[in-house]
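First up is the structure itself, then whatever we jot down about it.
Only the coordinates and a few stated rules stand behind these numbers; no lab work does. Bear in mind that the values here come from a model prediction, so they are computed numbers and not experimental data. Note that we place each Cβ from the backbone using ideal geometry, even for glycine, and neighbour counts take in every protein chain shown.
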Amino acid sequence: MRQTYAYLAVTLAGGLLAAYAYLRATKGRAAHRRSGPSRKADRRARAAEESSRSLLPLTLDAAAARSWICEAASLIDANAHYLTHLDAVIGDADHGTNMRRGFRAVVMGLSEAPLGTPGAVLAATGQAFITKVGGAAGPLYGAGFRCAADALGDTEHASADEFGVALRKALVGIQDLGAATAGDKTMVDAWSPAVAAYERVIGTGGDLVQATRAAADAAERGLRATAEMQARKGRASYIGPRTIGHEDPGAASTVLILCALSTTLATSASERVAPPPLADGWT
């Protein structure tokens with residue numbers, strides 16, 4: 001009988017120990033689960049912070065400026081024959097060749113020199129055009145890029161307003177050097193409506209993506225309008241009425257450059273999309 005009691009006592013003690021161990025384990029898992037929402041909250045806070053950063057106003061920094069110029073070089077290269085064809089009709093058939101040479105020199109220079117501001121990128125672009133591109137396009141684009149660079153100064157992140165000032169200064173630089181106005185059948189007929197469209201969008205609360213898209217669209221409309229104009233500046237003016245019915249090559253290259261700008265900033269904006277919300281659960 002005493003053996004039976006001893007066996008029961010041992011069995012009961014073992015059961016109690018097992019129950020105690022189970023309760024401790026259950027409590028530990030409950031605490032672990034309770035800690036889950038805290039970690040999830042931390043993750044949500046980090047996601048919210050990343051989201052807020054991604055939704056900050058888009059700016060133009062050195063990397064974006066470099067990407068713009070490289071994209072423009074690619075578009076010019078792909079359309080060099082088209083630009084030369086336009087120039088062959090009313091000019092000296094070298095615009096495509098000259099623009100390709102200029103942008104290739106720019107891209108090579110940008111790859112060799114670390115430039116930390118968008119102004120520095122545009123200044124290097126303008127200098128390359130002045131030294132490497134022949135015809136009227138070299139000095140005119142060179143002046144435009146360098147004036148834009150001067151307007152940006154040393155800022156590392158140009159806001160939409162600041163970049164709008166730079167575009168306006170670029171147009172003024174081109175007009176001052178070329179003595180051209182809207183309606184003369186030059187690149188000004190693309191630049192002028194483009195800058196005006198950019199400023200209108202920014203003035204109504206638009207951002208860089210919207211404003212540069214509007215600028216590119218307006219530049220293209222300006223290009224189309226040059227077909228009905230008679231050239232009053234440059235070599236094309238020598239053939240007078242025969243320039244009517246043909247688009248201006250300088251306006252065409254302007255469209256390509258501004259389309260590259262719009263594409264670059266739209267791509268930059270798409271890469272800043274906020275991360276999706278976290279799924280429910282503690283893991």
Dipole magnitude of region 62-270 about its Cα centre, charges +1 at Lys/Arg Cβ and -1 at Asp/Glu Cβ only, in debye to the nearest 20? 420
Sequence of H157, H95, H246 once ranked by neighbouring C-beta atoms within 10 Å, starting from the fewest: H157, H246, H95
In debye to the nearest 20, how big a dipole does region 108-182 give about its Cα centre with +1 on each Lys and Arg Cβ and -1 on each Asp and Glu Cβ? 300
Footprinting exposure proxy for E112, E247 (fewest neighbouring C-beta atoms within 10 Å first): E112, E247
Per-residue Cβ contact counts at 10 Å, fewest first, order M187, M108 as M108, M187
Put +1 on the Cβ of each Lys and Arg and -1 on the Cβ of each Asp and Glu in region 113-238; which of A236, T125, L152 then has its Cα farthest toward the positive end of the dipole? A236
Could you work out the relative contact order of region 62-270? I mean the mean sequence separation of Cα pairs under 8 Å and 6+ apart, divided by the number of residues, in percent. 23
At most 10 other Cβ within 10 Å, DSSP loop - trypsin sites (Lys or Arg not before Pro), region 57-140: none
